[in-house]
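The values are calculated or read from the model by the stated rules, or taken from the named source; none is laboratory data. Predicted model, so just to flag it, every value in this text is computed and none were measured. Here the Cβ positions follow ideal geometry from the backbone for every residue, glycine too, while neighbour counts run over all protein chains shown. Calculation scope for accessible area: heavy atoms of the full protein, side chains included, ligands and nucleic acids excluded. Shrake-Rupley method; radii C 1.70, N 1.55, O 1.52, S 1.80 Å.
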Amino acid sequence: MRPLRRLWLGLGALALITVAGTVGYTLLGFGVLDAIYQTVATVTTVGFRHPSGGGQTVFTLVLIVVGVGTALYTFSVLIEAFVEGEIGNVVGRRRMERTINEMKDHVVICGWGRVGQALAHYVTGAGQRVVIVDQDGERLERCPHPTVHGNATDDDVLRAAGIGRARVLAAALTTDSDNLYVTMSGRALSPEVFIIARARVDSSEDKLVRAGANRVVNPQSIGGARMAAFALQPHVAEFLDVVMHDGSMEFRLEEILVPFGSALEGKSLRDAHLRDLTGALVLAIRDDRSGKFTTNPDPESSIEAGQILIAIGTSAQLAALQDAVKR
């Protein structure tokens, strides 16, 4: 039994004995205040008024044996809880829960294995906040991010991770079946959340999409594709890695949504003068409804609400582009 649980058990027993002692002394002729004092004084062994009758003496002897033993047990467990850090863990857990409850637009990562750790590294490197969900308590102890200990397929665990306020849910558990359950639960709990699911076998990809995943990633397939890219075009592959993940270059790629009511809506790229105003270069435009990409768009290409602009530039240039699109 964990020290904290034994502490609550001891405190409960001590409270029960105090109530029983007070009632007993009251029935033996003490006033209520005197009965409380006599009980506390007896249990804590700080001294007490000598009982005046046989019944009081016998009751006091019983209370000494039971109450003092219970008090010593409770105090010893309390000291043990402090020594083992149980109290600090509970305080830390409450603080972490408050932090998670205040988060929004964060990324919930289910699974703190190699895939989950790599995902958290890149996401936090881009300035996004994450919450990690895993049922392995020992692994979570070494996690530097806010965590929720539990089975990610449990709806209550996902709620504790703030799924209703999250921007992205990443199902990166070991088995495809668990990722399928997480995807279904996440979609039911938050219809708007963007879900990325890990698949180990090709046959699971379609099932995960039907369950509600926006994107399905097969790490083995992507690993093979990256190796092929390095074999065929190593400089291009390395450039994309640096721009997307490394952060050592001042330039990076970013996607920017054109909102409804944007001042750019209906304008062509030429008329919008995005390159002149912001310095960022639009590499592609994607229609989010059809999913179709227009790469190296023509200057006469029209900008419409709901489109995604894929642009490259410095952080300042991309921020300026973001502001221009939102005006």
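To the nearest 10, the accessible area of I36 is 70 Å² with a 1.4 Å probe.
Using the Cβ-Cβ distance between D288 and E138 with R0 set to 56 Å, the FRET efficiency from 1/(1 + (r/R0)^6) comes to roughly 0.85.
With all protein chains in place and ligands, DNA and RNA left out, the 1.4 Å accessible area ranks Y122, Y25 as Y122, Y25, largest first. Only protein heavy atoms count here; under a 1.4 Å probe, H235 has an accessible surface of about 150 Å². Per-residue accessible area (protein heavy atoms, 1.4 Å probe) orders F260, F293, F230 as F260, F293, F230, starting from the largest.
A 1.4 Å probe over all protein chains sorts D241, D154 by accessible area into D154, D241, starting with the largest. Using a probe of 1.4 Å, the accessible surface attributed to T174 totals some 100 Å² when neighbouring protein chains are kept in position. Expressed as a fraction of 2.2 N^0.38 Å, the C-alpha radius of gyration for the range 173-327 is 1.23.
For the range 242-327, the equivalent ellipsoid derived from the Cα gyration tensor has semi-axes of 20, 14, 12 Å, listed largest first.
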